[in-house]
1. Return the only residue of Arg113, Arg100 being in contact with a strand residue (DSSP E or B) (Cβ under 8 Å, 6 or more places away or on another chain) and open to solvent by 60 Å² or more (accessible area, probe 1.4 Å).
2. Mind listing just one residue for me: the one in region 306-330 that is assigned to a strand (DSSP E or B) and either free of Cβ contacts under 8 Å to residues at least 60 places away in the same chain or among the aromatic types (Phe, Trp, Tyr) (or both) and, of those, nearest to Gln205 (Cα to Cα)?
3. What residue, among those in region 34-64 that are among the β-branched types (Val, Ile, Thr) and modelled with pLDDT of 95 or more, is nearest to the ligand (Cβ to nearest atom)?
4. Kindly indicate whether Gly153 is within 16 Å of the ligand (Cβ to nearest atom) and open to solvent by 10 Å² or more (accessible area, probe 1.4 Å).
5. Could you tell me whether Val329 is β-branched (Val, Ile, Thr) and more than 16 Å from the ligand (Cβ to nearest atom)?
6. For Thr138, only one of the following conditions fails: (1) more than 14 Å from the ligand (Cβ to nearest atom); (2) open to solvent by 20 Å² or more (accessible area, probe 1.4 Å). What is its number?
7. For Ser75, indicate whether it is in contact (Cβ under 8 Å) with a residue 12 or more places away in the chain and surrounded by 20 or more Cβ atoms within 10 Å (Cβ to Cβ).
8. Which pairs turn up if I take residues in region 338-355 that are within 13 Å of the ligand (Cβ to nearest atom) and look for partners that are among the acidic types (Asp, Glu) with beta carbon separation below 6 Å, at least 6 apart in sequence or on another chain?
Amino acid sequence: MPSKTDRHTHDAIIVGAGFGGMGAAIALRRLGIDDLVILEREDDLGGTWHVNRYPGLAVDIPSATYSYSFEPNPSWSRLYAPGAELKAYCDHVATKYDLRKHMRFGVVVEGARWDEEKQHWIVNLHDGETLTAHYLLTATGFLSQPKMPEIPGIETFDGTVVHTTKWDHELDLTGRRAAVIGTGATAVQLIPEIAPKVAELTVFQRTAIWVTPKSDGPVPKALQTLYARAPITQRIARGIGSGILEVIMVAGVLKYRRFKAFNSMAERVAKKHMARQVRDPETRRKLTPDYSFGCKRPTFSNDYFPTFNQPHVHLETTPIARVEPDAIVTDHGVRHEIDTLVLATGFNLWDTNFPAIEVIGRDGRNLGKWWRENRFQAYEGITVPEFPNFFSLNSPYSYSGLSYFTTIESQMKHMTRLLKAMRRQGASQFEVTEEANAEFLARMKDNLDDSVFTLGSCSTARSYYFNQHGEATLLRPTSTLGAFREAARFPISDYALS
Ligand code: NAP
């Protein structure tokens, strides 16, 4: 296709049409910034909730909390809504806030470069097209680059291979001899769903996961009606959900030094849950993590553990040596003959997702290269020195709390405060100062000293919270209230406005 250049400079280009990109678009439009283009590589909006369609997909944060606070949905069918309802909610938000007209689907962004002379961002698309904009926002998600395991011989497998992000709804698992590689939050939802269908199921676990009970259930019609008629009641439910998550996050993970007992209690709850649900002591031993609760994202389920009581479900913890056309062979030489291989192997964050596209700022600074050579960092988890007019929504230290909506909404606040200040000062360009960025990074590193990541026993967790240098630079080590407060009150002088 011949390369095209859109000569019009847009107000903003947002990369990603998931909840993060949509939240950013809503914040910009509220400020009257509405010449927006939202570029999405998939064929529809929704990010995670469009891509992930595996059996059992559901949110594992209470739905009243896992949604925009300004757009409550009284009709969630369960306390933890199934994936299809999340996708429908995304569609509803896009329609209500008139975002679809800004979206372009099936558009792969190659990279973006700040043009110092023209003072705008140049965004290059895979097909050679070029777009320009005053502001660039990347909302490419944390878990958006699927990880394919590098196992010798995997390419020689003759049967069906499916990654959980590419689920094929035509795939009939009835009577199959299947294997699942991976035991993260995705596998915990998927395994109980597919176990009843298959003839044999072997689960290959490299690292066990902490699983606590899930207090789920249908939301009664009467409660849905109450939420619709008196939205304050759903706000209260949201507040309770957020409070519980905050206690888990702050007391169990971030303030481990002070609340170690809370962390140990969470481990005891998970172990008791397993003891009640798994009959075989050897299986229980294998399913018990050997790292502190919170080093790796824990999950919630009532039907994962009992699956391992079924005679046709096997838990294999010996490392995989290789894959053959009809089997997985372990390091001990045991062959598990299979015809279907399910890869619940998660996502690659630190090699391919920070950032998910190439971003070149002032003086040719390459964001990914700079992060790798100078530590992963971003002021308030959203802006970076030498990258003018750029909001990096999925940055180191940006993920605040357990519900992604806490992150999204505090970032919306931060953007709004900054852009309003620019308007007041008649400025057209922002750039965070080196000093403010360095102070934030130093504070986050100090805060991490109190967390389970530093004080707990995390070396065997293989947690994606840690980057390739062994630093836990994904989660923001402050309370969510603290994150909101700072988003609303950060000193404007932390930015150079011009
Ligand atoms: P994940 O937590 O990264 O788990 C991937 C699993 O695959 C791990 O058990 C990993 O083992 C295993 N694995 C990867 N490569 C392997 C290899 N070469 N050999 C053997 N095992 C390998 O990914 P996920 O389960 O997709 O979950 C990612 C995140 O998505 C969750 O933490 C959560 O934040 C989110 N999620 C949320 C929901 C929800 O309901 N809201 C549902 C699902 C997922 P190691 O641990 O040993 O690396």
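1. Unique residue meeting the criteria: Arg113.
2. Among those that are assigned to a strand (DSSP E or B) and either free of Cβ contacts under 8 Å to residues at least 60 places away in the same chain or among the aromatic types (Phe, Trp, Tyr) (or both), it is Thr330.
3. Applying the filter and picking the extreme gives Thr48.
4. Against the criterion (within 16 Å of the ligand (Cβ to nearest atom) and open to solvent by 10 Å² or more (accessible area, probe 1.4 Å)), Gly153 qualifies.
5. no
6. (2)
7. No: the conditions fail for Ser75.
8. Sorted first by the residue in region 338-355, then by its partner, the list stays empty.
The values are calculated or read from the model by the stated rules, or taken from the named source; none is laboratory data. Since this is a predicted model, take the numbers as computed values, not measurements. Positions of Cβ are generated from backbone atoms using ideal geometry, with glycine treated the same way; all protein chains shown enter the neighbour counts. To get the accessible areas, we keep the full protein, side chains included, count just its heavy atoms, and leave off ligands, DNA and RNA. Shrake-Rupley method; radii C 1.70, N 1.55, O 1.52, S 1.80 Å.
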